[in-house]
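Input: a single structure, listed below in structure tokens.
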């Protein structure tokens, strides 16, 4: 049998009607105060327009409460797929921190976040966040660890992007608009592996913006 949150009143007003609500027995007790408050607010919102629409309002209340306590499984699955794709990119790629890029410069600046932070600010490279740290994909740099000019052109073509992992995914996964001849015929190539083919890469970006799906 589920437990009830009616035995944990949040107020002391004498004109309050207590309504018992059963909840699953394995519900985390820590969320009960928030759950109770949400239900109370939902009831207040629904009942505020008058009692003549009580039945329609009851349906509305049920919808509000259901949305409050049931997770959006579609959204959760989407986030899990995104996380798996990010982990795949991080595992398969070579990533550098700003401190590493600093040490790889001929004359490292005193500020260890430079020159990476300056390059990023000027739109010459992009970064991603993984495990609470900032990383830069190795393919953005030449053999002397200077930004490749084509990276600036690609980032400019992308325009503002809220989630930079979208850019990383476009670079990382094979793109059907960029092809090369293999032993079994043409095959798609990842943009990161074709950065010496500026026209093909920029044309591919114009045709498709990539996906998180691995």
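The values are calculated or read from the model by the stated rules, or taken from the named source; none is laboratory data. What you are looking at is a predicted structure, and each value in this text was computed from that prediction instead of being measured. We place every Cβ from the backbone using ideal geometry, glycine too, and count neighbours over all the protein chains shown.
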(1) surrounded by 13 or more Cβ atoms within 10 Å (Cβ to Cβ); (2) within 22 Å of residue 199 (Cβ to Cβ); (3) out of contact with any helix residue (DSSP H, G or I) (no Cβ under 8 Å at 6 or more places or on another chain): which one isn't true of residue 120, the others all being true? (2)
Residue check, residue 198 against (1) touching a helix residue (DSSP H, G or I) at 6+ places or on another chain (Cβ under 7 Å); (2) surrounded by fewer than 12 Cβ atoms within 10 Å (Cβ to Cβ), all met but one. Which one? (2)
Quick one: how many residues across the range 162-194 are under 12 Å from residue 126 (Cα atoms) and in contact (Cβ under 8 Å) with a residue 24 or more places away in the chain? 6
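For the range 130-147, which positions are in contact with a helix residue (DSSP H, G or I) (Cβ under 7 Å, 6 or more places away or on another chain) and farther than 17 Å from residue 202 by Cβ?
To start, the set of residues in the range 130-147 that are in contact with a helix residue (DSSP H, G or I) (Cβ under 7 Å, 6 or more places away or on another chain) comprises 130, 134, 136-137, 139-140, 145, 147.
Listed by number, the residues that qualify are 130, 134, 136, 137, 145.
Before we move on, is residue 40 at pLDDT below 60, outside the structural domain of residue 125 (by TED's automatic domain parsing) and either part of a helix (DSSP H, G or I) or surrounded by fewer than 16 Cβ atoms within 10 Å (Cβ to Cβ) (or both)? Let's see the steps before the verdict.
Working: at pLDDT below 60: no; outside the structural domain of residue 125 (by TED's automatic domain parsing): yes; either part of a helix (DSSP H, G or I) or surrounded by fewer than 16 Cβ atoms within 10 Å (Cβ to Cβ) (or both): yes.
Spelling it out, it is not the case that residue 40 is at pLDDT below 60, outside the structural domain of residue 125 (by TED's automatic domain parsing) and either part of a helix (DSSP H, G or I) or surrounded by fewer than 16 Cβ atoms within 10 Å (Cβ to Cβ) (or both).
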Residue check: is residue 112 in a loop (DSSP other than H, G, I, E, B) and either out of contact with any strand residue (DSSP E or B) (no Cβ under 7 Å at 6 or more places or on another chain) or surrounded by 16 or more Cβ atoms within 10 Å (Cβ to Cβ) (or both)? yes
Check the range 148-158 and report whether any residue there is surrounded by 14 or more Cβ atoms within 10 Å (Cβ to Cβ), within 22 Å of residue 200 (Cα to Cα) and in contact with a strand residue (DSSP E or B) (Cβ under 8 Å, 6 or more places away or on another chain). yes
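Against the condition within 18 Å of residue 92 (Cβ to Cβ) and touching a strand residue (DSSP E or B) at 6+ places or on another chain (Cβ under 9 Å), how does residue 174 come out, does it pass?
Criteria met by residue 174.
Only one of these is touching a helix residue (DSSP H, G or I) at 6+ places or on another chain (Cβ under 6 Å) and in a helix (DSSP H, G or I): 89, 100. Name it. Working first, answer last.
Working: 100 fails: touching a helix residue (DSSP H, G or I) at 6+ places or on another chain (Cβ under 6 Å).
89 is the lone residue from the list that is touching a helix residue (DSSP H, G or I) at 6+ places or on another chain (Cβ under 6 Å) and in a helix (DSSP H, G or I).
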